[in-house]
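Please find one structure pasted underneath; my questions will follow.
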Amino acid sequence: MLSERKSTMNFGVIGFGYWGPNIVRNLSTLEGSRVAMIAETAPNARLRAAKAYPQIPVTADTNELLTSTGIDAVAVITPVWTHYDLARAALLNGKHVFVEKPFTSNSSQAEELIELAHSKNLRIMVDHTFLFTGAVQLINQLMDEGTLGKLFYYDSTRVNLGLFQHDINVLWDLAPHDLSIMDFLIKSEPEAVVATGQSHLNGHEDIAFMTVYFPDNVLAHISVNWLSPVKVRTTRIGGDKRMLVWNDLEADEKIKVYDKGVDITTQEGVYKLLVSYRSGDMWAPQVRQVEALREELAYFIACINTGQEPINGGPAGLRVIKMLEAATRSMEQRGTLIYV
Ligand SMILES: NC(=O)c1ccc[n+]([C@@H]2O[C@H](COP(=O)([O-])OP(=O)(O)OC[C@H]3O[C@@H](n4cnc5c(N)ncnc54)[C@H](O)[C@@H]3O)[C@@H](O)[C@H]2O)c1
């Protein structure tokens with residue numbers, strides 16, 4: 001009997017800077033995909049690409065890639081201010097698009113791309129890499145199973161020294177990770193945002209604090225900073241039954257679930273402060289060790305093949321941009337409450 005032959009998805013990758021090589025490495029080794037062309041405007045990056053992948057054509061002319069009939073899908077791995085033009089050109093040329101976070105520079109660009117993809121029956125995936133980590137998958141499972149109970153808060157610290165970006169502030173650089181994770185885990189749209197931040201060196205805010213109000217008294221807070229002496233990637237998530245701490249820099253025991261909380265038995269107890277503090281066990285569930293980007297790209301290929309809308313498609317990218325826009329407006333007014 002003849003076995004069913006799967007066709008190979010031909011990718012064009014635009015941008016071979018810091019993150020682009022990870023995309024090329026995965027797409028050229030995943031089953032069901034190959035990299036047909038790399039486009040890069042910087043000569044030194046083109047040299048690096050040609051040396052690492054002598055079999056892949058590397059072009060300085062991005063248009064050549066965008067219009068190539070041998071390419072089914074385009075990965076846009078360039079700075080955010082270029083995402084809209086490149087993604088739009090790819091869609092107009094009939095190609096599916098994998099685009100870096102943050103999706104676009106503003107929400108009207110994102111809305112236009114979503115509409116364009118819809119009208120041409122093409123898929124967009126925004127690189128919200130963290131959704132595909134073992135840690136976020138496990139937290140989602142714990143929340144779905146009710147392990148944490150009713151959600152109270154999401155509180156995250158994502159700080160390090162640099163890497164300073166030339167075109168965006170620290171909020172647009174680092175907060176999309178937490179905003180996409182929150183969007184995935186909390187599963188409801190935010191109501192309002194408060195943000196404060198300050199620039200000290202290159203005119204872009206290098207430290208920022210963002211608070212997001214969700215329905216049902218769920219509060220989220222993110223601290224992002226390019227001027228931290230130490231790298232911290234720690235998230236606390238609290239519910240009425242249990243709480244967890246996710247330390248992404250831990251090799252083992254990334255997630256610790258604490259059977260801790262506050263019990264109030266009667267309404268009267270609230271006023272008389274008759275609360276009891278529960279301090280039970282802590283356990284560290286096994287976190288699956290996977291390369292998130294690889295899982296994500298395999299999922300993108302599957303979504304293209306099946307016509308399924310990815311969980312991190314254009315609409316998810318747009319929800320993150322709307323939160324960033326609200327935060328930007330709030331930050332400009334030194335922390336005014338902005339409704340999303
Ligand atoms: N998902 C993640 O975890 C993650 C991690 C790092 C970066 N990123 C995102 O990836 C994107 C790129 O970031 P980076 O750190 O790799 O930036 P980078 O500046 O190191 O690389 C971008 C490359 O794109 C090239 N380029 C720019 N415009 C081009 C065009 N029109 N045609 C061809 N090449 C072009 C530049 O020459 C550069 O080499 C950003 O949106 C960033 O937010 C995501």
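The values are calculated or read from the model by the stated rules, or taken from the named source; none is laboratory data. Worth saying up front: this structure is predicted, and the values here are computed from it rather than measured. Virtual Cβ from ideal backbone geometry, glycine too; neighbours counted across all protein chains shown.
Hey, among ARG5, ARG34, which residue is outside any helix (DSSP H, G or I) and modelled with pLDDT under 95? Step through it out loud before you land on a result.
Numbers: ARG34 fails: modelled with pLDDT under 95.
Only one candidate passes the filter, namely ARG5.
Same structure, new question: Looking at the stretch 326-340 only, could you name the residues that are closer than 17 Å to MET182 by Cβ and surrounded by 17 or more Cβ atoms within 10 Å (Cβ to Cβ)?
ALA326, ALA327, SER330, ILE338
Could you identify the single residue in GLY32, GLY12 that is under 27 Å from VAL290 (Cα atoms) and surrounded by 16 or more Cβ atoms within 10 Å (Cβ to Cβ)?
Details: GLY32 fails: surrounded by 16 or more Cβ atoms within 10 Å (Cβ to Cβ).
GLY12 is the lone residue from the list that is under 27 Å from VAL290 (Cα atoms) and surrounded by 16 or more Cβ atoms within 10 Å (Cβ to Cβ).
Under 6 Å by Cβ, and 6 or more places apart or on different chains, what pairs join a residue from the stretch 168-197 that is under 18 Å from ASN225 (Cβ atoms) with one that is at pLDDT 95 or above and among the acidic types (Asp, Glu)?
ASN169/GLU205; VAL170/GLU205; VAL170/ASP206; GLY197/GLU205
On to the next question. Which of the following residues is farther than 27 Å from ALA292 by Cβ, within 9 Å of the ligand (Cβ to nearest atom) and hydrophobic (A, V, I, L, M, F, W, C): ALA60, ALA89? Before the answer, list the steps.
Numbers: ALA89 fails: within 9 Å of the ligand (Cβ to nearest atom).
Only one candidate passes the filter, namely ALA60.
Please determine whether any residue of the stretch 151-160 is within 25 Å of LYS260 (Cβ to Cβ), surrounded by fewer than 21 Cβ atoms within 10 Å (Cβ to Cβ) and among the polar types (S, T, N, Q).
Yes; the residues of the stretch 151-160 include at least one that is within 25 Å of LYS260 (Cβ to Cβ), surrounded by fewer than 21 Cβ atoms within 10 Å (Cβ to Cβ) and among the polar types (S, T, N, Q).
Any chance you could count how many residues in the stretch 105-134 are outside any helix (DSSP H, G or I) and of a type in the set (A, V, I, L, M, F, W, C)? Give the derivation first.
Filtering the stretch 105-134 down to residues outside any helix (DSSP H, G or I) leaves 105-106, 120-128, 133.
Now restrict to residues that are of a type in the set (A, V, I, L, M, F, W, C): 122, 124-126.
Summing the residues that are outside any helix (DSSP H, G or I) and of a type in the set (A, V, I, L, M, F, W, C) in the stretch 105-134 gives 4.
Residue-by-condition table, conditions (1) under 19 Å from ALA284 (Cα atoms); (2) touching a strand residue (DSSP E or B) at 6+ places or on another chain (Cβ under 6 Å); (3) at pLDDT below 95:
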| site | (1), (2), (3) |
| --- | --- |
| THR196 | no, yes, no |
| ASN217 | no, no, no |
| LYS231 | no, yes, no |
| THR234 | yes, yes, no |
| MET243 | yes, yes, no |
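Please name all residue pairs, on different chains or six or more residues apart, with Cβ atoms under 7 Å, provided the first residue is in the stretch 119-143 and is over 18 Å from GLU253 (Cα atoms) and of a type in the set (S, T, N, Q) and the second residue is within 15 Å of the ligand (Cβ to nearest atom) and at pLDDT 95 or above.
THR129/ALA292; THR129/LEU293; THR129/GLU296
Given the criterion surrounded by fewer than 13 Cβ atoms within 10 Å (Cβ to Cβ), among the acidic types (Asp, Glu) and more than 24 Å from GLY335 (Cβ to Cβ), identify the matching residue among ASP216, ASP252, ASP259, ASP240. Write out each step before concluding.
Numbers: ASP216 fails: more than 24 Å from GLY335 (Cβ to Cβ); ASP259 fails: surrounded by fewer than 13 Cβ atoms within 10 Å (Cβ to Cβ); ASP240 fails: surrounded by fewer than 13 Cβ atoms within 10 Å (Cβ to Cβ).
Criteria check complete, one pass: ASP252.
Hey, ILE71 hits all of (1) within 10 Å of the ligand (Cβ to nearest atom); (2) closer than 24 Å to ARG123 by Cβ but one; which does it fall short on?
With (1) within 10 Å of the ligand (Cβ to nearest atom); (2) closer than 24 Å to ARG123 by Cβ applied to ILE71, the lone miss is (1).
While we're on this one: Name the single residue that is surrounded by the most Cβ atoms within 10 Å (Cβ to Cβ) among those in the stretch 299-325 being over 21 Å from the mean Cα position of the chain (by Cα) and part of a helix (DSSP H, G or I). Spell out how you get there, then give the answer.
First, the residues of the stretch 299-325 that are over 21 Å from the mean Cα position of the chain (by Cα): 305-307.
Filter once more, keeping what is part of a helix (DSSP H, G or I): 305-306.
On the way: ASN305: 13, THR306: 9.
Among those that are over 21 Å from the mean Cα position of the chain (by Cα) and part of a helix (DSSP H, G or I), it is ASN305.
Looking at the stretch 39-57 only, could you name the residues that are over 24 Å from HIS96 (Cα atoms) and within 14 Å of the ligand (Cβ to nearest atom)?
If the condition is that a residue be over 24 Å from HIS96 (Cα atoms) and within 14 Å of the ligand (Cβ to nearest atom), then ALA42, PRO43, ASN44, ALA45, LEU47, ARG48, ALA50, ALA52 are the ones that fit.
Conditions tested, residue by residue: (1) among the β-branched types (Val, Ile, Thr); (2) more than 16 Å from the ligand (Cβ to nearest atom); (3) assigned to a strand (DSSP E or B); (4) surrounded by fewer than 18 Cβ atoms within 10 Å (Cβ to Cβ).
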| site | (1), (2), (3), (4) |
| --- | --- |
| PHE103 | no, no, no, no |
| VAL136 | yes, no, no, no |
| PRO176 | no, no, no, no |
| SER180 | no, no, no, no |
| LEU185 | no, yes, no, no |
| PRO190 | no, yes, no, no |
| ASN202 | no, no, no, yes |
